Amino acid sequence: MISFRHFLLPLAFAAASAAFADGPSAPPDALTLWYRTPGAPTVMEALPVGNGRLGALVAGGVARERITLSEQTVWSGGPHDFDNPAALSGLAESRRLLFAGRYAEADALIRKKLVCKWGPEVMDYFGNFQTLGFLDLAFIDHEENSSDYRRELDLATAATRVRYTIKGVTYTREIIASAPDGVIALRLSADRPGALGFTANLGRPAQPEENFPATSGRKLTDPVVVSPHGPDGLILRGRLYQNDRPDGLRFLARLRVNTEGGTVTSGPDGLTVSRADSATLVLAASTDYQGRDPEAASLATLAGVASKPYAALRATQSADHANLFSRVSLELGPAGSATTASTRSTNERLAAFARGEPDPAFAALYFQLGRYLLISSSRPGGLPANLQGLWAETIRTPWHGAYTANINLQMNYWSAESANLAETAAPLHAFIATLVEPGSRTARIHYDAPGWVAPVHATPWGFTSPGQNPGWGLFPLSAAWLCRHLWESFEYEGDHAALRRSWPVMKGAAEFLLAWLVTDPATGRLVSGPANSPENRFLAPDGTETSFSMGPSMDQEIAWDLFTNVLAAARALEFEDAFTARVAAALANLQAPRIGRDGRLLEWAQDYREIDPHHRHISHLFGLYPGRQFTRTDNPALVEAARRSLDARGDSGTGWSLAWKMALRARLGDGDRALAHLRTLLHPAEPVRTLSMSHGGTYPNLLCAHPPMQIDGNLGATAALVELLLQSHETLPDGRRIIRLLPALPSAWPEGSVSGLRARGGLTIALRWSAGRLTEVRLNADRAAAFVLRLGDRDISLSALAGQTLLLDSARLANP
Ligand code: FUC
């Protein structure tokens, strides 16, 4: 082990390696999804753009184009008190019954009592994320038969484009969503003057989809009204339902059209552009969520861009996007993948990849798509990315399009820090803070506890009660799990002021746990319960099939995580008090996860038999990933037990389940198995519109299927791909961080380079490898750091000053 103190980068090398370390150097098609034919106007085939608040799905039709629109606050329902004062009377008794092994009685009591208030009279207050509507374009003198058709999504500059030729005229369409200007903009042009003509109209699906029946079945939205907005504009106005009354949120979309050449006329079918050379359509939209005025807000937004030609809008938008997107470059060889990218359309590559063709560059494209989707659906000031990201095509969305916090919401943000998009986590942090007040009420009413809890399915309305079915709804550890994101942000960014703001939130979650955990009379250890292990069931010793026990492993691991993080946060903020002493005592007395007779890590505190041994949730492996309780450095026995559990769980699953398995395999150092999971995740999915709990796959637009579409698989896989290349969750006993480089490189990716990945401790890291071996490492330190690079079984100790760059070339790496 050799230590390089104050290791300075030679300037000549810095210049020579600039291309390696800065920005994407991949050929253009490496960052493009492209197709030879139009897509259906669905969330499965249309291509997404988003500015963190507004989203559009672009189908790319020739004679007719439908652009499906979303605004992330378009939520039916409203604030309502779901807390159930009758619940508390069942808590102590259900614990007593479970400790006594009387599962049948406990199950009945919990199902009856430990639930929120729910019933036809309140259920639609919960609400539902919905589509905003659509923008239809019907082209004049167009036929579906075109030549040279291509549509594409360019991830690097965040635009979707359509191009085709009809009767010798080439038409192009470009659609962007601009965060700085707050609009969706379309640019339509023809290469023959006066050849562009179309009618544009706004609308909204009339009937709620009945495929996702989680709500009462009552109306969720009123008919919308579309009306002219001056001679060159349209307005879509509507109001959502709040329970059974049409007095929920008001929403509004405002469209304005400008042309070069030609005319614009307004009629019953919308706006008609005739004989133009080109046209720019700009759309602003808003709701009255949190007291906003959608009329004034959309007018002001359009006024703000009134004098901006499309080129200026586009320049502002692409620079803003590139500021985030271009921080990370990933190239996976071997050479030849780039050719594949330009000769095969994305859906052809998808099918070939699932069949086992190597195409490592396709995995790199998928990784960058995840970063693109996070940037597009989560920007400071907005709501977090929900189950749909922010793209909804229906009035009813699957699982309400909610913020599901027993895996999905958290998974959406797994890559935010490591894939160098820290800003995108701001909406999650803000959302967590909004749960504290209602969650404190729920903690008091349901559990007579201080602090706060979060629910399994959160809404923008402050729903924090346990779910109406405790089989999934009784999971009181969501708040503690969410708090790990606050701590992780500090680990990467080192922002003490932000940590001070997070402290009361983390403390509140820990205060709840201190009251919630109870002593198991058999062991004297602290356990959580009654609780489910999301969302599996087991056969209890008394023959009952149930979900409920004391001390399910996931709860114990999340409690370990929160307590550990709270103590680390207090150390970082340089204080110790009676509260931290209580946390330390509880941590020391927490029941640890157990290893069963067959060597597997147990899902529950007892060796119960799972009802579904291949269940998609792999909750008890939280401590391996995303947690850090089981590490190859500290407790290899638990890691081995986790591996056995994962093997037993099997290799199939829904989208997010496979993404999680990829990350777990990465932590186990098994890149080849992780890549096998990625191939399963990327098998072409059937375009079905009914919920399925057992199928996954990927749609032609590369969005993840649950089915239908659920964004977590995309975003989770992106985080897992980072874990294959870089891991930074372990520390040595002296507190120095261990940075594992290429800890789980799949053997099918022998050549490659990556730059811009982030490690905990404030490091930005670039790697290059060849023949499966590292040949170059470059680290930039935001702040002073002492750490160990772990390359297989070799360690290199390093330290860096704030702002310093360290470079290790192949000679140095070969002889540390
Ligand atoms: C949880 C999961 C489901 C789905 C839903 C949104 O209930 O078990 O698979 O992801 O959330």
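Summary table below
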{"read-out": "Segment 347-394 - Debye-derived log10 I(q)/I(0), Cα point model, q = 0.25, 0.29 Å⁻¹", "value": "-0.88, -0.99"}
{"read-out": "Interchain or long-range residues, amide H under 5 Å from residue 533's placed H", "value": "none"}
{"read-out": "Burial ranking of peptide ranges 107-113, 424-430 (average Cβ count within 10 Å, highest at the top)", "value": "424-430, 107-113"}
{"read-out": "Percent carbon-and-sulfur accessible area, the chain, ignoring ligands, DNA and RNA, probe 1.4 Å", "value": "53 percent"}
{"read-out": "Estimated FRET transfer efficiency (residue 147, residue 258; beta-carbon r; R0 35 Å; 0.05)", "value": "0.75"}
{"read-out": "Karplus-derived 3J(HN,Hα), 6.51/-1.76/1.60, for each residue of segment 183-199, Hz, glycine and proline x", "value": "9, 9, 10, 10, 10, 10, 8, 10, 8, 10, x, x, 8, 9, x, 6, 10"}
{"read-out": "Lysines with Cα under 20 Å of residue 308, excluding same-chain neighbours fewer than 8 positions away", "value": "none"}
{"read-out": "Extended-chain gain in nm, criterion 0.36 nm per residue less alpha-carbon gap, residue 163 and residue 542", "value": "129.9 nm"}
{"read-out": "Values of log10 I(q)/I(0), in the order q = 0.16 Å⁻¹, for segment 440-557 under a Debye, Cα-only, solvent-free model", "value": "-0.82"}
{"read-out": "Helical segments meeting 27 Å axial Cα length and Kyte-Doolittle -0.5 threshold in the chain (DSSP H)", "value": "426-447, 496-516, 553-572"}
{"read-out": "Anchor residue 507: aspartates and glutamates whose Cα lies under 14 Å away (excluding residues fewer than 8 positions away in-chain)", "value": "437, 561, 576, 577"}
{"read-out": "Interchain or long-range residues, amide H under 5 Å from residue 293's placed H", "value": "none"}
{"read-out": "For the chain, size of Cβ-based charge dipole, Lys and Arg +1, Asp and Glu -1, in debye", "value": "540 debye"}
{"read-out": "Volume per residue of the C-alpha convex hull in segment 664-714, rounded to whole Å³", "value": "75 Å³"}
{"read-out": "Packing-based order for 378-390, 250-262, using average beta carbon neighbours within 10 Å, highest first", "value": "378-390, 250-262"}
{"read-out": "Proportion of all alpha-carbon pairs of segment 357-498 beyond 24 Å (%)", "value": "36 percent"}
{"read-out": "Reduced Cα scattering model of segment 323-423, Debye log10 I(q)/I(0), q = 0.12, 0.16, 0.17, 0.23 Å⁻¹", "value": "-0.52, -0.85, -0.92, -1.14"}
{"read-out": "Relative contact order, percent, the chain [alpha-carbon distance under 8 Å, six or more residues apart]", "value": "14 percent"}
{"read-out": "Hydrodynamic radius of segment 563-647 per Kirkwood, over alpha carbon pairs, in Å", "value": "14.6 Å"}
{"read-out": "For residue 560, solvent-accessible area (1.4 Å; no DNA, RNA or ligand), Å²", "value": "60 Å²"}
{"read-out": "Difference of contour (0.36 nm per residue) and Cα-Cα distance, residue 433 to residue 592", "value": "54.3 nm"}
{"read-out": "Calculated on alpha-carbon atoms, Rg and Dmax of segment 23-105 in Å", "value": "25.4, 69"}
{"read-out": "Peptides ranked, highest mean first, by Cβ atoms within 10 Å: ranges 154-162, 547-555, 80-88", "value": "547-555, 154-162, 80-88"}
{"read-out": "Descending semi-axes in Å of segment 83-136, equivalent ellipsoid built from Cα gyration tensor", "value": "38, 13, 8"}
{"read-out": "Under Karplus coefficients 6.51, -1.76 and 1.60, residue-wise ³J(HN,Hα) of segment 803-810 in Hz, glycine/proline x", "value": "x, 7, 10, 10, 10, 10, 8, 5"}
{"read-out": "Residue-normalised accessible area of the chain, expressed per residue, 1.4 Å probe, Å²", "value": "33 Å²"}
{"read-out": "Over the chain, volume per residue of the alpha carbon convex hull, in Å³", "value": "153 Å³"}
{"read-out": "Cα-based Kirkwood hydrodynamic radius, segment 250-342, one decimal, Å", "value": "17.0 Å"}
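The values are calculated or read from the model by the stated rules, or taken from the named source; none is laboratory data. Note that the structure is predicted; figures quoted are calculated from it, not measured. So basically every Cβ, Gly included, is an ideal-geometry build from the backbone, and we count neighbours across all protein chains shown. Side chains included, ligands, DNA and RNA excluded: accessible areas come from the protein's heavy atoms. Shrake-Rupley method; radii C 1.70, N 1.55, O 1.52, S 1.80 Å.
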